[in-house]
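Here the structure comes first, spelled out in structure tokens, and everything after it is commentary.
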Amino acid sequence: MRSLPEQFEGRRDTAGWLFRQIRRNGQYAIYERTRGDEFTYEVIRILKYASDKQVNGRFLARRGDEYYPKPSEWGIYAWSLMTREAAEAKYNEFTHQG
């Protein structure tokens, strides 16, 4: 199983942004997103592929590999917040449940 990287560069709509994991507890994480002097925070539920993903016989992902939520999953599995304090509060909603 491949885990999400702790740091990565954005692609497509997020090209030019650097993502850095600043907190993780099981299936939830906070990523700081920076570009120059701009920054925001993203709280995500880390998702896993239910089956192998391949194109033309080449494996792109294996069952159980982790992935960052897709844009269509925003508001369900991922949230953008403007401050670290707001991100920490959202993260705590999930990680401190009974």
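Things worth noting here:
- THR40 meets each of the listed conditions (1) buried (at least 16 other Cβ atoms within 10 Å of the Cβ); (2) at pLDDT below 95; (3) polar (S, T, N, Q) apart from (2).
- The stretch 1-21, residues that are farther than 24 Å from ARG62 by Cα and touching a residue at least 40 places away in the same chain (Cβ under 8 Å): ASP13
- Scanning the stretch 46-58 turns up at least one residue that is in a strand (DSSP E or B), at pLDDT below 90 and surrounded by 11 or more Cβ atoms within 10 Å (Cβ to Cβ).
- Of ALA86, ALA61, all but one fail to be surrounded by 14 or more Cβ atoms within 10 Å (Cβ to Cβ), modelled with pLDDT of 90 or more and either on the phi > 0 side of the Ramachandran plot or not aromatic (Phe, Trp, Tyr) (or both); the exception is ALA86.
The values are calculated or read from the model by the stated rules, or taken from the named source; none is laboratory data. None of the values given here were measured: they were computed from a predicted structure. Here Cβ is always computed from backbone atoms with ideal geometry, including for glycine, and neighbour counts include all displayed protein chains.
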